[in-house]
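Down below is the structure, laid out as structure tokens.
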Amino acid sequence: MMKNTFFGAFCLSLAASIWGGMYVVSKYVLDFVPPFTLVWLRYAIAFVVLFGILKFHEYKTKTRISIRKQDWLLLGWIGFIGYFVSISLQFIGTKLSDAHTGALITSATPAFIVLFARFVLNESVTLRKVMALLLATIGVVIVIGFDDSGGQSFWGNMMLVGAALTWALLSVYVKVASSRFSILIITTYAIFFALLFTTPVMIWELQEQEIFLPSTPVILGILYLGVVSTAGAFFLWNKGMEMMDAGIGSLFFFFQPLVGTVFGFLFLHEQITASFYLGGLLIIIGVFIAVMPPIHQHQSKEGENHVRTSL
């Protein structure tokens, strides 16, 4: 059980870290490619990669799973609410708002996941979860800080709130779907549905705006967003959520702004202050509290081992 928990923690940490670095790449590519078109390109690349892996796996294992009508509806819902609505809102919100505010708003996602997990999955809201969530949230606020310049776009911020809410719903429903399907199947077909939903909006957008692919860095940025940030990170996040309690797994989303700040320092020459280290420490402590089993579990295991030894 603990092995699964730590492997799930690794998957979630890596996924959130990849997304933290994704903001730097997205901000650059969005200067050349409109938001919905970039989302469509991400999904087209990710689907080709994941579908190829899925078919190769089926060929090697000589297995083929049947998907019922209600299952297609669930996969379509995950693709719509999570990969179409949430990511589109995130891209538009990032373009309209500033990076500081965007990262702070989307980092509210774990709180929404804990809330939805309570009603959809009947997961209990324990004192340990609340304490871990509170510590990590305070850490994020300290890391990112508040920008009171008043220059943010209201509609951009509202879209980022919607992105946080819908991503929380995605994370919970992935847990529902994982009781029947492998994470590879869920991620592949959910991205396929997202690609379908994004296509008409992308076509409309291209009639209104031009797309520029003048340089190798832009093309490499799109490939990175499709292969690493979408196919790879979506799979890792879904795998981690499958292996952990949704309320606990949600806390690893806080690594996104943490890593985003580091990448901003390395590539955008943004300054890192003492508040980054203090906030980062609180985030790590919060995640540690969430992942480590309660003390009474250690005591019960020690008691069981003592009994077995006596026998």
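The values are calculated or read from the model by the stated rules, or taken from the named source; none is laboratory data. Given the structure is predicted, the values throughout are model-derived calculations rather than measurements. Cβ sites come from the backbone with ideal geometry, for glycine too, and all protein chains shown count toward neighbours.
Going by the conditions given, is Phe234 on the phi < 0 side of the Ramachandran plot, of a type in the set (Phe, Trp, Tyr) and part of a loop (DSSP other than H, G, I, E, B)? Write out each step before concluding.
Details: on the phi < 0 side of the Ramachandran plot: yes; of a type in the set (Phe, Trp, Tyr): yes; part of a loop (DSSP other than H, G, I, E, B): no.
Judged against the criteria, Phe234 is not a match.
Please work out if Trp19 is surrounded by 21 or more Cβ atoms within 10 Å (Cβ to Cβ) and either at pLDDT below 85 or under 30 Å from Thr137 (Cα atoms) (or both).
Details: surrounded by 21 or more Cβ atoms within 10 Å (Cβ to Cβ): yes; either at pLDDT below 85 or under 30 Å from Thr137 (Cα atoms) (or both): yes.
Criteria met by Trp19.
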May I ask you to list pairs of residues, at least six apart or on different chains, whose Cβ atoms are under 6 Å apart, with the first in segment 125-150 being surrounded by fewer than 15 Cβ atoms within 10 Å (Cβ to Cβ) and the second being assigned to a helix (DSSP H, G or I) and at pLDDT below 60?
Asp147/His100
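Tell me, yes or no, whether segment 249-269 has at least one residue that is at pLDDT 80 or above and surrounded by fewer than 23 Cβ atoms within 10 Å (Cβ to Cβ). Walk me through it before giving the result.
First, pick out the residues of segment 249-269 that are at pLDDT 80 or above: none.
Checked segment 249-269: no residue is at pLDDT 80 or above and surrounded by fewer than 23 Cβ atoms within 10 Å (Cβ to Cβ).
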Against the definition (at pLDDT below 65 and in a helix (DSSP H, G or I)), how does Ala136 come out, yes or no?
no
Within segment 21-57, tally of residues that are of a type in the set (Lys, Arg) and free of Cβ contacts under 8 Å to residues at least 40 places away in the same chain:
1
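Looking at segment 72-115, which of its residues are at pLDDT 80 or above, under 14 Å from Val174 (Cβ atoms) and in contact with a helix residue (DSSP H, G or I) (Cβ under 6 Å, 6 or more places away or on another chain)?
So in segment 72-115, the residues at pLDDT 80 or above come out as 72-89.
Checking the rest, the ones that are also under 14 Å from Val174 (Cβ atoms) come to 74-83, 86.
Residues satisfying the conditions are Leu74, Leu75, Gly76, Ile78, Gly79, Phe80, Ile81, Gly82, Tyr83, Ser86.
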If I filter segment 194-212 for residues that are in contact with a Phe, Trp or Tyr (Cβ under 8 Å, 6 or more places away or on another chain), assigned to a loop (DSSP other than H, G, I, E, B) and not β-branched (Val, Ile, Thr), do I get at least one hit?
yes
Could you list, in sequence order, the residues of segment 22-60 that are of a type in the set (Gly, Ala, Ser), at pLDDT 85 or above and under 18 Å from the mean Cα position of the chain (by Cα)?
Ala46
